[in-house]
Amino acid sequence: YLDGFDEEALTSYTFSVNTLIPYIHYSVDFPTDNMKPKKSGNYILQVYYYENSEKKTAITKRFFVTENSIGITTDVKNASNLELRNYQHEIDFALNKNGVEIVDPYRSLTVVVQQNGRTDNPITTLKPKMVNGDLMDYNFENGNIFDANNEFRHFDAKSIAYYTDRISSIKRISNQVHVYLKTDYRRPFDRYMTEDDINGRFLIKNDDDKNSDTESEYVWVHFLLAYDAPLTEGSVFLQGAFTQWGFSEKYKLNYDYAQKGYADSLLLKQGYYNYQYVFLKDGETAADAAFIEGRHAEADNDYTIYVYYREPGEVYDRLLGVQTVNSRKK
């Protein structure tokens, strides 16, 4: 699946400049001359290092290689179900084979629909509603819907010289910077308020200096979600692209009785961040964002459709096409 080698040393790095917490900034342009994927599909890039002869993972990052050989048209709208149309989005779409030979699309095709890059709640069970020549229709009223949730919360820590709208205070403690966010509150019953967001993403940026890569500080960001009592039968997590949309213990909030809420602190590089609070029930793998954040069909979301095809006799899935659409920018 690779042209070249399956591992390569990182040789491009720069030391941080005048930062309270020293660090090394590594960079790589991928694919490299010695490591190029040959097949379409899902990949995981692993960065590792050795400590006392023990191999340890520093970073894993998912990425996709697509052939873009199939046409995808999408239509995101409020749910057809009248009882849910104010709370959910329906993702209808059609595939055009464009002459690509697909044997038995009902069994060999796998379509994945993803919301805002989240990996815990994708839709993976859809089969064509109808096949007519090169066209395959996926227009349903059930099975292709997501809670529209709410606009993401945000904080702006591109500068530590002044307070932005979501920052309560900035302190230097033990020669480290601590950024305290304003208290967050549940909002499932609040009226929808439009607000520009970047749908869970983040941007590393430093407005205080010239080079965001090596002159940005790592700062302790303190989160607090007000709650009268701890929840039972589940846990509260921070979720966004900076958490890789997962449920690591690092992003799990603990209940703080003194502050009467769920609290956490994370060491993050200066920048602009989107995030949300989600509730993960014990024993489940998909979190509920609407429980804390609410759900409004007016909220904008990015929906991505991945079309996989497994040829007869093959042991892997080709990624024939990928299409991302925003619920407002149709």
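The values are calculated or read from the model by the stated rules, or taken from the named source; none is laboratory data. Worth saying up front: this structure is predicted, and the values here are computed from it rather than measured. Virtual Cβ from ideal backbone geometry, glycine too; neighbours counted across all protein chains shown. Note: accessible area is taken over every heavy atom of the protein model, side chains too, but ligands, DNA and RNA are not part of it. Shrake-Rupley method; radii C 1.70, N 1.55, O 1.52, S 1.80 Å.
Filter region 263-315 down to the residues that are closer than 18 Å to I198 by Cβ and among the charged types (D, E, K, R), then identify the one that is surrounded by the fewest Cβ atoms within 10 Å (Cβ to Cβ).
Taking the candidates together, the pick is E298.
For region 154-242, list the strands (runs of 3 or more DSSP E) that sit wholly inside it and hold at least 1 residues that are within 30 Å of P22 (Cβ to Cβ) and open to solvent by 20 Å² or more (accessible area, probe 1.4 Å); which are they?
Here the list reads 167-173, 176-181, 202-204, 218-226.
Anything in region 5-37 that is within 25 Å of H178 (Cα to Cα), open to solvent by less than 90 Å² (accessible area, probe 1.4 Å) and part of a strand (DSSP E or B)? List them, or say none.
T14, I24, H25, listed by residue number.
Of everything in region 243-255 that's within 24 Å of T164 (Cα to Cα) and not in a strand (DSSP E or B), which residue is least open to solvent (accessible area, probe 1.4 Å)?
So, considering only residues that are within 24 Å of T164 (Cα to Cα) and not in a strand (DSSP E or B), the one least open to solvent (accessible area, probe 1.4 Å) is T243.
Mind checking which residues of region 98-140 are farther than 30 Å from Y275 by Cα, open to solvent by less than 30 Å² (accessible area, probe 1.4 Å) and not aliphatic (A, V, I, L, M)?
P105, S108, P128, Y138
Collect the residues in region 51-74 that are surrounded by 13 or more Cβ atoms within 10 Å (Cβ to Cβ) and charged (D, E, K, R), keeping them in residue-number order.
Once the filter is applied, which keeps residues that are surrounded by 13 or more Cβ atoms within 10 Å (Cβ to Cβ) and charged (D, E, K, R), region 51-74 yields only E67.
Among the listed residues A263, A258, A286, which satisfies the condition of being part of a loop (DSSP other than H, G, I, E, B), in contact with a Leu (Cβ under 9 Å, 6 or more places away or on another chain), aliphatic (A, V, I, L, M) and farther than 30 Å from F15 by Cα?
Checking each option against the conditions leaves just A286.
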